[in-house]
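Each value in this text was obtained by applying a stated rule to the coordinates, not by laboratory testing. Just so you know, these numbers come straight off a predicted model, no measurement behind them. Note that each Cβ is placed from the backbone with ideal geometry, even for glycine, and that neighbours are counted across all protein chains shown.
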Amino acid sequence: MTSSTTTTRTATTAATTTTTNTTRSSTTRSSNTLSRTFTDTAVVTRRNLWHFVRQPDLLLFSTIQPVMFVLLFVYVFGGAISGSLPPGVEYVDYLLPGILVQSVAFRASQTAVGLAEDLQRGVMDRFRSMPMSRMAVLTGRTFADLFRNTVIIFLMIAVGYLVGFDFQGGAAAAAASLGLILLFGYALSWVFAAIAFVANGAEAAQSAGFVAIFPLVFASTVFVPIETMPSWLRWFAENSPVSVTADAARHLSIGGPVADAALQSVLWSVGITVVFGAIAVWRYQRI
């Protein structure tokens, strides 16, 4: 009887030890996988940033274009549109938050171009043959584009201050405004990442993305108040993710009711990231 009890206890102890070791091993593997994903993402992000820096023409034109938008719309259209604005609101204060949203929307196409070029040149095949996280290839690209958007946005704000713009809500509101804009730009990067694996080449990817982005940007409150639009277009513009993000950023910058627009902007950005991020990862795994 004693021998049987001892044997049972020994077997139970061995089973418990095995289970504990298995759990620890699984936890260690998960921790190592997560750590490797972060490390690989940092490496790919750095690689994409260096690629961007080593192309001075791309850096130059990516910087000049949004600055031209600010100057042209302020001085060419400002006089015509200022009469449609609420009393006391200058057009440059109304415009700049919207222009920042437009800028990250257009810049998101570079995600598709970069991934499509890597796919054509065989860089993707090389990544897939290496012992690295597959997710890092996509997150590294989108993080690099997020960093680039941040630099360009600060440059545009500097130009905006030169032509009379001012954050009237204080530093915290300004930071929240920029956070919403960058989050929206990051979400759109995933849209273009998905497009890159569907379109046939870099030019096709860029063109396909602009087909969707152009109506969203120009049929929105980026440049003009929604009250100036015809009724059949007003509903679309009012509920567009571009409009709600521009309105939230604008209200944080110059004052106004911000809670509903900010919540809608965050929900749009998170939803777009989740849906198109899943599509991009799925398409990447199938190439």
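For L162, L71, L188, the sequence from fewest to most other C-beta atoms within 10 Å is L162, L71, L188. The trypsin sites (Lys or Arg not before Pro) found in region 77-134 that occupy coil by DSSP, while having at most 13 further C-beta atoms within 10 Å, are R121. Counting only the Cα atoms, region 64-218 fills a convex hull of 119 Å³ per residue. Taking the Cα centre of region 166-287 as reference, the dipole from Cβ charges on Lys and Arg (+1) and Asp and Glu (-1) amounts to some 380 debye.
Candidate membrane-span-like segments in the chain, meaning DSSP H helices with Cα atoms spread over at least 30 Å of their own axis and a Kyte-Doolittle mean of -1.0 or above, are 2-53, 134-162, 171-196, 259-286, with no membrane implied. With contacts taken as Cα pairs under 8 Å at a separation of at least 6 residues, the chain carries a relative contact order of 24 percent.
In a simple Cβ point-charge model (Lys, Arg +1; Asp, Glu -1; nothing else charged), the chain has a dipole of about 1540 debye relative to its Cα centre. Computed over the chain with a Gaussian network model linking Cα atoms closer than 10 Å, the most mobile of S269, S231, S82 is S231. Under a Gaussian network description of the chain, with springs only between Cα atoms under 10 Å, the residue in A248, A158, A108 that fluctuates furthest is A158.
For a test of the definition: using alpha carbon positions, the gyration tensor, and the 1.5 limit on a/c, classify the chain as rounded, prolate or oblate. Prolate is the answer for the chain, as a/c is 1.5 or above and a/b outweighs b/c. Here's the picture: a label point sits 7 Å out from the Cα of V89 along the beta-carbon direction, and within region 44-76 the residues with their amide nitrogen under 17 Å of it are 74. Of all the options G209, G83, G201, the one that moves most in a Gaussian network model of the chain with Cα springs shorter than 10 angstrom is G83. Considering region 219-271 at the alpha-carbon level, its Rg and Dmax are found to be 10.7, 30 Å.
Dipole magnitude for region 72-231: computed about the Cα centre from +1 point charges on Lys and Arg Cβ and -1 point charges on Asp and Glu Cβ, it is near 600 debye.
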